[in-house]
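Notes follow once the structure below has been shown.
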Amino acid sequence: MKKNLWQAIKFTLFSISAGVIQVGSYTLFYEVFGWTAYWQSHLPSLILSVLWNFTFNRRYTFRSDANLPRSMALVALFYLVFTPASAWWGTALQNAGWNAYLIEGMNMLINFVTEFLYQKFVVYRGQIDTNDLAKKQAAD
């Protein structure tokens, strides 16, 4: 139980840092570049945050030495569903008059919860705590 709680805390902290990247880049694309269609700013900011989050969570949260191309492919499959869905409902909500930043925040929260569960139970299933960091801590 303690190990699962610590994983959730680490995932949350890395997700917050990825969230800063996503909001910062979204704001840059939306405000500075003028990409005002929701999906134009959402897609590149999501990609940047996913790359950041994947790298740190693989190494430090799940401490996995799972096959890197396989793990990346599984995460890509998640985003093949999540990205068009979030862009679709984000655009629909923007067209309905919702604030773009509120939509982005809601998408980030949905992404946070679903991605944690997906990575823990699909991407790294049976391969958590298998990397050099986990082995070193177990040996100490």
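Springs between alpha-carbon pairs under 10 angstrom, Gaussian network model over the chain: which of V81, V123, V23 fluctuates most? Its mean-square fluctuation being the largest, the pick is V81.
Candidates S25, N107, L13 compared by Cα position along the dipole of the chain: farthest toward the positive end lies L13, with charges placed on Cβ. The residue list N57, G126, A85 was ranked by how far each Cα lies along the charge dipole of the chain toward its positive end, using unit charges on Cβ atoms, and G126 comes out on top. In order along region 129-136, the Karplus-derived 3J(HN,Hα) couplings, from 6.51 cos²θ - 1.76 cosθ + 1.60 at θ = phi - 60°, round to 6, 10, 8, 4, 5, 5, 5, 5 Hz, and Gly and Pro are given as x.
In the chain, the calculated helix contribution to ellipticity at 222 nm averages -24500 deg cm²/dmol per residue, counting -39,500 (n - 2.57) for every DSSP H run with n ≥ 4. Here r is the Cβ-Cβ distance between A138 and T55 and R0 is 35 Å; the resulting FRET efficiency, rounded to 0.05, is 0.95. Just the number, please: Stokes-Einstein D of region 56-102 in µm²/s, Kirkwood Rh from C-alpha pairs, 10 °C, 1.306 mPa s. Diffusion coefficient, whole number: 123 µm²/s. Rounded to the nearest 20, the size of the Cβ-charge dipole of region 2-139 about its Cα centre is 700 debye, with Lys and Arg at +1 and Asp and Glu at -1.
FYI, it's all coordinate maths here, none of it is from the lab. Here the structure is a predicted model, which means the values were calculated and not measured. With ideal geometry, Cβ positions are generated from the backbone for all residues, glycine too; neighbour counts draw on all protein chains shown.
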